[in-house]
Amino acid sequence: MDITQMGAELLKSQLGGTGGQSNDMIAGVLQKLIGNGDQMDIGGMVAALQSGGLGSIAASWLGDGDNESISTDQVKQVIGDARISEAAAELGTDEGSLLSGLSQALPQMIDKSSSGGSLLDAVGGLDGALNMAKKFF
């Protein structure tokens, strides 16, 4: 299973799975929130966490130990108010529910995508993720 579909299933379960949203619909929304609309960009999300002062949280998700939690406010800070609002409307849910679901799904998605360190290695370690973030800002 690819990371987008896994994320869609995680988010759907966090949203209660009763809103009539298909996995494909949720996957599309995730790709807009954590990517460029066409594909998931986990490396970009890690870079955004780093540049937002949440590097220790990102490191815990990339490492082999326990994942630190992320608050709904921190998720909103990293993704942005407008994007969260648009995504909630597209999914037919409220922003609070979406943020709560994302705060549970994001750590698992990044953790699973970085199993064995492949994601962290791909961006050049935590320093590489930070350097990548600097290019965006």
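The values are calculated or read from the model by the stated rules, or taken from the named source; none is laboratory data. Worth saying up front: this structure is predicted, and the values here are computed from it rather than measured. Ideal geometry is used to build each Cβ from the backbone, glycine not excepted, and the neighbour counts take in all protein chains shown.
Among the residues making up segment 1-11, those that are in contact (Cβ under 8 Å) with a residue 40 or more places away in the chain and either within 21 Å of D73 (Cα to Cα) or among the hydroxyl-bearing types (S, T, Y) (or both) are G7, L10, L11. K112 fulfils the conditions (1) at pLDDT below 85; (2) of a type in the set (K, R); (3) surrounded by 14 or more Cβ atoms within 10 Å (Cβ to Cβ) except for a single criterion, (1). For segment 56-71, filtered to residues that are at pLDDT 90 or above and of a type in the set (A, V, I, L, M, F, W, C), the residue that is nearest to L99 (Cα to Cα) is I70.
In summary, D2 fulfils each of the numbered conditions (1) at pLDDT 90 or above; (2) farther than 22 Å from E86 by Cα; (3) surrounded by fewer than 21 Cβ atoms within 10 Å (Cβ to Cβ) with the single exception of condition (1).
Has segment 72-79 got at least one residue that is surrounded by fewer than 21 Cβ atoms within 10 Å (Cβ to Cβ), part of a helix (DSSP H, G or I) and in contact (Cβ under 8 Å) with a residue 40 or more places away in the chain? No, that holds for no residue. Among the residues of segment 15-33, are any assigned to a helix (DSSP H, G or I), without any contact (Cβ under 8 Å) to a residue 24 or more places away in the chain and more than 15 Å from the chain's Cα centre (by Cα)? Yes: segment 15-33 contains one or more residues that are assigned to a helix (DSSP H, G or I), without any contact (Cβ under 8 Å) to a residue 24 or more places away in the chain and more than 15 Å from the chain's Cα centre (by Cα). If you go through segment 44-57 and keep only what is farther than 20 Å from Q31 by Cβ and assigned to a helix (DSSP H, G or I), you end up with Q50, S51, G55, S56, I57. Just checking, does segment 36-48 include any residue being small (G, A, S), modelled with pLDDT of 90 or more, surrounded by fewer than 13 Cβ atoms within 10 Å (Cβ to Cβ) and farther than 21 Å from G92 by Cα? No, every residue in segment 36-48 fails to be small (G, A, S), modelled with pLDDT of 90 or more, surrounded by fewer than 13 Cβ atoms within 10 Å (Cβ to Cβ) and farther than 21 Å from G92 by Cα.
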